[in-house]
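*Asks:* First, the structure itself, so that you have it in front of you.
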Amino acid sequence: MSTPVVGEGRDDVADRAGAGFRQRYGTEPAGRWAAPGRVNLIGEHTDYNDGFVLPFALPLRTVVAAAPGPDGRWTVWSELDDEPVEFGAAEADEPGRVDGWAAYVAGVVWALRAAGLDVPGARLAIASDVPVGSGLSSSAAIESAVLAALVDLGGLDLPAERRPRLAQRAENDYVGAPTGIMDQSAVIRGLQGHALFLDCRTEEVEQIPFDPAAAGLAVLVVDSRAPHRHADGEYAARRKSCERAAATLGVAALRDVPTADLDAALARLDDDETRRRVRHVVTEDQRVLDTVALLRAGRVREIGPLLTASHASMRDDFEITVPEVDTAVEAALAAGAHGARMTGGGFGGCVLALLDADAADTVADAVAAAYAERGFAAPGTLTVQPAGGATRL
Ligand code: GAF
């Protein structure tokens, strides 16, 4: 098997958005705005615990072609669904009135209006190379591209550092998914050749150089193709359990439990499940800090064991993995990967593996063989490099 490198043919998606716009609205768009998907190198389920994450933007993008629209209304067409969706301020102002994929667009209009900004009516056409349902943040990509388009079309004053929180509000309060700040931050603030070290409490960021190719390495992303099983309910349950534990421990968030105090904190919790949830979050925060320290020192290969330890913690303590992702991690490690872990919210989605650049095909083949042996649907595989964040094209 030959493992494709993401980023080839990247103009196609921008062309598709432009062509879709012309075909649907019979005129030229005023511009095109792109936002990428993301993977998270390490730091899972730490964002809503006020902790640390280290994601990077992918060279897979969602592109929105847009122009001001008549009557202060919004019309959105997506290549995923031939029927355009139209809504006005009344629908945008009432979370839930617009549903399906268009809710991510209406949610952005809602969040901008809720922030007191005068959002211009617009026509939009959306094309995307970010697969939906693979855990690569297709929702943050659409939110962030639409946000960039509406901000520019309206000449709105919204600096880049305020945008992730606003896009997150669209998802939390309009769409109704209780997610953290990681995905929108990665998608908006990502920088080519870097991973984004984000303190989710202060929203301070540090761009950490991460160029696996320069170190003779590659990051292989494996789409587990596992159907998301109860992902929304389980995500919300994990979040609640962390919040309850923080309240019991008398801290604002689990980020406030220092690694050195972990055993004492665990001793104060009276059920084993909560203890394991807390242990995951506290140790995962520490693994992010350790990964950042290694990357700052240029010791890229040495982050492998931290990635693998993160996976074990998600599997055994946070219990968010499924057989397909565990199989992909085990097969990648057995075929020589330096480290591997599930990335994203869990219950399916993607696995990333750090490996020698010339081992990508061997590892991809090994994962595919392990899948075939267990009767799983064939996985998708891609090698990726950190790309830039949301931008006008
Ligand atoms: C999903 C969420 F959207 C993020 O906020 C984050 O919590 C992640 O799951 C788990 O790390 O992607």
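The values are calculated or read from the model by the stated rules, or taken from the named source; none is laboratory data. Because the structure is predicted, anything quoted here is derived from the model rather than measured. Cβ sites come from the backbone with ideal geometry, for glycine too, and all protein chains shown count toward neighbours. All accessible areas refer to the heavy atoms of the entire protein, side chains included, with ligands and DNA or RNA removed. Shrake-Rupley method; radii C 1.70, N 1.55, O 1.52, S 1.80 Å.
Conditions (1) farther than 30 Å from ALA364 by Cβ; (2) among the hydroxyl-bearing types (Ser, Thr, Tyr), marked per residue:
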position	(1), (2)
THR248	yes, yes
ALA264	yes, no
LEU295	no, no
LEU306	no, no
SER310	no, yes
THR321	no, yes
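*Asks:* Suppose we filter GLU330, GLU319, GLU273 for residues that are away from the ligand (no atom under 16 Å from the Cβ), more than 29 Å from GLY216 (Cα to Cα) and open to solvent by 50 Å² or more (accessible area, probe 1.4 Å); which single one remains? Step through it out loud before you land on a result.
*Replies:* Values: GLU330 fails: more than 29 Å from GLY216 (Cα to Cα); GLU319 fails: away from the ligand (no atom under 16 Å from the Cβ).
Going through GLU330, GLU319, GLU273 in turn, just one is away from the ligand (no atom under 16 Å from the Cβ), more than 29 Å from GLY216 (Cα to Cα) and open to solvent by 50 Å² or more (accessible area, probe 1.4 Å): GLU273.
Okay, residues lined up against (1) surrounded by fewer than 24 Cβ atoms within 10 Å (Cβ to Cβ); (2) aliphatic (A, V, I, L, M); (3) modelled with pLDDT under 95:
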site: VAL5; (1), (2), (3): yes, yes, yes
site: ASP12; (1), (2), (3): yes, no, yes
site: ALA34; (1), (2), (3): no, yes, no
site: GLY37; (1), (2), (3): no, no, no
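*Asks:* Same structure, new question: If the requirement is being assigned to a helix (DSSP H, G or I) and either open to solvent by 80 Å² or more (accessible area, probe 1.4 Å) or under 21 Å from GLY107 (Cβ atoms) (or both), which of these qualifies: ALA252, ALA236, ALA213, ALA246?
*Replies:* Details: ALA252 fails: assigned to a helix (DSSP H, G or I); ALA213 fails: either open to solvent by 80 Å² or more (accessible area, probe 1.4 Å) or under 21 Å from GLY107 (Cβ atoms) (or both); ALA246 fails: either open to solvent by 80 Å² or more (accessible area, probe 1.4 Å) or under 21 Å from GLY107 (Cβ atoms) (or both).
None of the other options fit; the residue is ALA236.
*Asks:* I would also like to ask the following. Do you know which of the residues in region 43-59 that are more than 10 Å from the ligand (Cβ to nearest atom) and in contact with a Ser or Thr (Cβ under 8 Å, 6 or more places away or on another chain) is farthest from HIS338 (Cα to Cα)? It would help to see each step written out before you state the result.
*Replies:* Filtering region 43-59 for residues more than 10 Å from the ligand (Cβ to nearest atom) gives 50, 52, 54, 56-59.
This time we only want the ones that are in contact with a Ser or Thr (Cβ under 8 Å, 6 or more places away or on another chain), so: 52, 54.
Numbers: PHE52: 22, LEU54: 18 Å.
For region 43-59, the residue satisfying everything is PHE52.
*Asks:* Suppose we filter region 220-244 for residues that are away from the ligand (no atom under 16 Å from the Cβ) and within 30 Å of SER134 (Cβ to Cβ); how many remain? Give the derivation first.
*Replies:* Residues of region 220-244 away from the ligand (no atom under 16 Å from the Cβ): 220, 222, 225, 227, 244.
From what is left, the residues that are within 30 Å of SER134 (Cβ to Cβ) are 220, 222, 225, 227.
Result for region 220-244: 4.
*Asks:* Check off (1) away from the ligand (no atom under 16 Å from the Cβ); (2) among the aromatic types (Phe, Trp, Tyr); (3) open to solvent by less than 30 Å² (accessible area, probe 1.4 Å) for TYR25 and give me the number that stays unchecked.
*Replies:* Of the numbered conditions (1) away from the ligand (no atom under 16 Å from the Cβ); (2) among the aromatic types (Phe, Trp, Tyr); (3) open to solvent by less than 30 Å² (accessible area, probe 1.4 Å), the odd one out for TYR25 is (3).
*Asks:* Moving on. Strands (runs of 3 or more DSSP E) wholly in region 67-147 with at least 2 residues that are among the aliphatic types (A, V, I, L, M) and crowded, with 16+ Cβ neighbours inside 10 Å - which ones?
*Replies:* Numbers: elements: 74-78, 81-87, 122-128.
So the answer is 122-128.
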